[in-house]
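Only one structure is covered here, and it is reproduced in the block below.
The values are calculated or read from the model by the stated rules, or taken from the named source; none is laboratory data. A quick note: this is a predicted structure, and the numbers were derived from the prediction, not measured. No Cβ is skipped: glycine too gets one built from the backbone with ideal geometry, and neighbour counts run over all protein chains shown. Heads up: the accessible areas ignore ligands, DNA and RNA and are worked out on the full protein's heavy atoms, side chains in. Shrake-Rupley method; radii C 1.70, N 1.55, O 1.52, S 1.80 Å.
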Amino acid sequence: MSENKNEMSEEEYLRRHLSEVESSKQFNSDIPFGNAEPIVEKSSDLHYFSYDVHELPCGRFYPTGTLLQVRAAQVREIQAYSMVDDNNFYDIVEKMNSMLQSCVRVKYPEGKVGSYLEVKDQDRLFLIFLIRELTFQQGNSLSVKVPCKACSTENQLELKRSCFDYYDIDEKLDKFFHPNTSSYKFRLKNGREYEVTPPNIGLQKAFTDYIIKENQEKRTPNLSFLKIIPFLLAGRTSITYDGIKAKLAEFEQMDDISFQFLNSAIGKMSFGIKELKSTCECGEEVRTEMQFPNGASGIFVIHDAFEAYIKE
Ligand SMILES: [Zn+2]
């Protein structure tokens with residue numbers, strides 16, 4: 001299925017999208033809410049903005065010249081997202097994925113268009129906040145209050161690109177990076193070779209389904225396996241349940257050196273947003289850890305909308 005998406009031309013993609021918009025309009029044509037004018041879908045709502053993939057935390061792991069096309073969230077997408085369970089990690093990831101499914105596509109240099117399933121898993125949050133920036137262009141800022149250590153002024157650190165500080169990529173990895181495959185290739189002293197690249201969302205979803213199934217059937221998933229194996233499946237956007245089982249059997253037979261090496265190498269592969277940072281008016285740098293003020297739902301649900309929008 002993901003391969004079909006891969007083949008889908010930009011035109012087809014847009015046509016499919018527009019037909020979805022059409023069907024949602026029919027749904028609207030019944031009784032209008034309040035005294036509102038019928039809502040006309042503005043063409044600008046579907047306007048995609050292009051970003052060079054190198055702006056993303058995992059940018060180097062996409063083919064050179066790839067663009068990420070991103071648009072603002074529409075009301076129905078925010079409505080769906082608003083039901084996120086802030087205490088359920090899987091639900092947060094799933095709702096974020098649905099948002100990316102609607103608002104993000106990957107355009108490869110040769111013109112092929114891919115879906116959110118081909119987005120690197122560790123780019124998810126960055127893109128969610130990019131969609132947020134595009135959606136709330138007239139304010140509605142989301143920020144964390146952080147006192148300056150030097151002058152104790154309270155700084156507002158906004159959750160947006162200009163305040164994000166990312167995990168550094170360990171320099172030791174650099175010389176093993178192959179730009180032609182957008183992955184690392186490691187040759188070990190035991191003669192083994194491994195290609196390593198951060199998994200995309202499609203692959204990570206398959207592993208999430210696997211974890212859920214194992215939990216339901218009262219089996220404890222092998223956490224070490226789940227940490228390492230998704231990084232060893234370069235070029236794939238999915239894997240079946242049986243495929244994962246086969247990989248698990250291989251993993252359990254792995255030699256000591258390979259395991260120790262991979263565990264260490266993948267331990268160095270944290271990408272994405274690490275902290276928020278800004279400069280205080282006194283010149284001192286202000287930092288705090290990455291967090292969601294008002295929970296994950298607060299990214300698209302306006303916290304004080306009642307006060308903000310009631311007319312008194
Ligand atoms: Zn200060």
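Annotations
- Neighbour-limited loop hits for trypsin sites (Lys or Arg not before Pro), segment 134-221 (at most 10 other Cβ within 10 Å; DSSP other than H, G, I, E, B): LYS175, LYS189, LYS218, ARG219
- Here the relative contact order of the chain, from alpha carbon pairs under 8 Å that lie six or more residues apart, stands at 20 percent.
- Put simply, the amide H of VAL286, placed in the peptide plane, has neighbours under 5 Å in SER278, THR279, CYS280, leaving out anything fewer than 5 places away on its chain.
- Neighbours of GLU94, meaning other residues whose beta-carbon lies under 14 angstrom from its beta-carbon, give a summed charge of -3 when Lys and Arg score +1 and Asp and Glu score -1.
- Cross-link reach list, lysines versus LYS185, counting only Cα pairs under 19 Å and skipping chain neighbours closer than eight places: LYS120, LYS172, LYS175, LYS227, LYS268
- On Cα atoms only, tilt of 89-103 relative to the major axis of the chain in degrees: 70
- Per residue, in Å², the accessible surface of segment 58-187 once ligands and nucleic acids are set aside, probe 1.4 Å: 49
- Of the GluC sites (Glu not before Pro) in segment 67-171, the ones in a loop by DSSP (not H, G, I, E or B) with at most 10 other beta carbons within 10 Å are GLU110.
- Amide H to amide H, with H built 1.01 Å from N, ASN155 comes under 5 Å of VAL146, CYS148, counting only residues 5 or more places away or on other chains.
- Taking 0.36 nm per residue of separation and subtracting the Cα-Cα distance, full extension of the segment from THR153 to GLU275 would add 42.0 nm.
- A Förster radius of 30 Å, combined with the Cβ-Cβ distance separating ASN215 from ALA249, puts the computed FRET efficiency at roughly 0.90.
- Per-residue SASA entry for CYS58, accessible area with 1.4 Å probe, Å² rounded to 10: 0
- Residues with amide H under 5 Å from that of SER183, placed H, sequence gap 5 or more: HIS178
- Carbon/sulfur fraction of accessible area - the chain, other protein chains in place, 1.4 Å, %: 49
- Relative to the longest principal axis of the Cα atoms of the chain, helix 241-252 runs at roughly 40 degrees.
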